[in-house]
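Structure first, then comments.
The values are calculated or read from the model by the stated rules, or taken from the named source; none is laboratory data. Keep in mind the model is a prediction, meaning the values are calculated, not measured. As a convention, Cβ positions derive from the backbone with ideal geometry for all residues, glycine included, and neighbour counts pool all protein chains shown.
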Amino acid sequence: MSNFPSLYAITDRQLSNLTNEEIIREMLAGGARLIQLRDKEGTARDIFDAARFCLPLIHEAGGRLIINDRVDVALTAEADGVHLGQEDLSVGEAREILGPSKIIGVSTHNRRQFEAALATSADYIAVGPIFTTATKENPDPVVGLDLLHEVRKLTDRPIVAIGGIDHQRALSVIEAGADSVAVISALYPWPERLELTSRVDIAGSIRRFLELFERHE
């Protein structure tokens, strides 16, 4: 997968208090071009409907949509790919279902899992949690930047860092060897003064990340 974006934006309805469709519109407005539809509480129908609605918008902007976990939804919605956890279908199984042209990513949490992912056709490999994260009920142990340094030497395949990454930490993660940072909670900053009209600034947060990466290049 060439030209892997430095920012991998992930949806979260609970943190944003918005629908998936509203989140993705805001992400695109901010400049995100690789988006993962992640909805742990949504039904397959919810995720499918959001994907089918948003795909034309994302493709018109030159972006790609990845579905979290659900290979069946990625297939039926004709999404650009799927992201798999360690307890989901294997990369090989997902590849048989989706075919050779779809993007398949997989999460890894230690060197053994990373090396196992390298033996598959995964298009990118995620590593984390890099820092402490609050977006999972039972997170895996924090791996820090050391594992990124270590696994970077093993492959030229895109590496995506995830877990507790905010604007202050993003560049240190890229410098440690990640091609991209996957971000959830930092995309949903609420105004300090909450009013009835207050709205989380997803687009603004994404612009800040992209400006950081542009200055770093």
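This table checks each residue for (1) crowded, with 23+ Cβ neighbours inside 10 Å; (2) under 17 Å from H83 (Cβ atoms); (3) in contact with a Pro (Cβ under 7 Å, 6 or more places away or on another chain); (4) among the charged types (D, E, K, R).
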| site | (1), (2), (3), (4) |
| --- | --- |
| A9 | yes, yes, no, no |
| L15 | no, no, no, no |
| L28 | no, no, no, no |
| A32 | yes, yes, no, no |
| D49 | no, no, no, yes |
| R52 | no, no, no, yes |
| P56 | no, no, no, no |
| R64 | no, yes, no, yes |
| R70 | yes, yes, no, yes |
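List the number of the failed condition for S90; all other conditions in (1) under 29 Å from P191 (Cα atoms); (2) surrounded by fewer than 21 Cβ atoms within 10 Å (Cβ to Cβ) hold.
Going through the list (1) under 29 Å from P191 (Cα atoms); (2) surrounded by fewer than 21 Cβ atoms within 10 Å (Cβ to Cβ), S90 breaks only (1).
Restricting to region 103-141, name every residue that is crowded, with 16+ Cβ neighbours inside 10 Å, acidic (D, E) and modelled with pLDDT of 95 or more.
If the condition is that a residue be crowded, with 16+ Cβ neighbours inside 10 Å, acidic (D, E) and modelled with pLDDT of 95 or more, then D123 is the only one that fits.
Could you tell me whether any residue of region 38-56 is within 28 Å of V127 (Cβ to Cβ) and in contact with a Cys (Cβ under 9 Å, 6 or more places away or on another chain)?
no
Quick check on this structure: which one of G144, G85, G99 is among the small types (G, A, S), touching a strand residue (DSSP E or B) at 6+ places or on another chain (Cβ under 6 Å) and surrounded by fewer than 17 Cβ atoms within 10 Å (Cβ to Cβ)?
G85
For region 1-62, which helices (runs of 4 or more DSSP H) that fit wholly inside it have 1 or more residues that are without any contact (Cβ under 8 Å) to a residue 12 or more places away in the chain? Walk me through how you get there before you give the answer.
Numbers: elements: 13-16, 20-30, 44-60.
In region 1-62, 20-30, 44-60 are the helices (runs of 4 or more DSSP H) which contain 1 or more residues that are without any contact (Cβ under 8 Å) to a residue 12 or more places away in the chain.
Six or more apart or on different chains, Cβ atoms under 8 Å: show the pairs whose first residue is in region 126-146 and closer than 16 Å to N68 by Cβ and whose second is part of a loop (DSSP other than H, G, I, E, B) and modelled with pLDDT under 75.
P129/K136; P129/P139; T133/P139
Quick one: E87 ticks every box in (1) touching a residue at least 12 places away in the same chain (Cβ under 8 Å); (2) assigned to a loop (DSSP other than H, G, I, E, B); (3) of a type outside the set (S, T, Y) except a single one, so which number is it?
The one condition E87 does not meet is (1).
Mind checking which residues of region 170-194 are surrounded by 16 or more Cβ atoms within 10 Å (Cβ to Cβ) and in a loop (DSSP other than H, G, I, E, B)?
Scanning region 170-194 gives A176, G177, A178, D179, I184, Y188, P189.
Of all residues in region 91-116 being part of a loop (DSSP other than H, G, I, E, B) and under 18 Å from the mean Cα position of the chain (by Cα), which is farthest from F131 (Cα to Cα)?
Among residues in region 91-116 that are part of a loop (DSSP other than H, G, I, E, B) and under 18 Å from the mean Cα position of the chain (by Cα), the one farthest from F131 (Cα to Cα) is K102.
Among the residues of region 17-26, which ones are among the acidic types (D, E) and surrounded by fewer than 19 Cβ atoms within 10 Å (Cβ to Cβ)?
Hits for region 17-26 are E21, E22.
Look at D123 and say whether it is among the charged types (D, E, K, R), in contact with a strand residue (DSSP E or B) (Cβ under 6 Å, 6 or more places away or on another chain) and closer than 27 Å to A29 by Cα. Write out each step before concluding.
Values: among the charged types (D, E, K, R): yes; in contact with a strand residue (DSSP E or B) (Cβ under 6 Å, 6 or more places away or on another chain): yes; closer than 27 Å to A29 by Cα: yes.
Against the criterion (among the charged types (D, E, K, R), in contact with a strand residue (DSSP E or B) (Cβ under 6 Å, 6 or more places away or on another chain) and closer than 27 Å to A29 by Cα), D123 qualifies.
State which residue is surrounded by the most Cβ atoms within 10 Å (Cβ to Cβ) when the search covers only region 72-81 and only residues that are touching a strand residue (DSSP E or B) at 6+ places or on another chain (Cβ under 9 Å) and outside any loop (DSSP other than H, G, I, E, B).
Ranking the qualifying residues of region 72-81, first place goes to A74.
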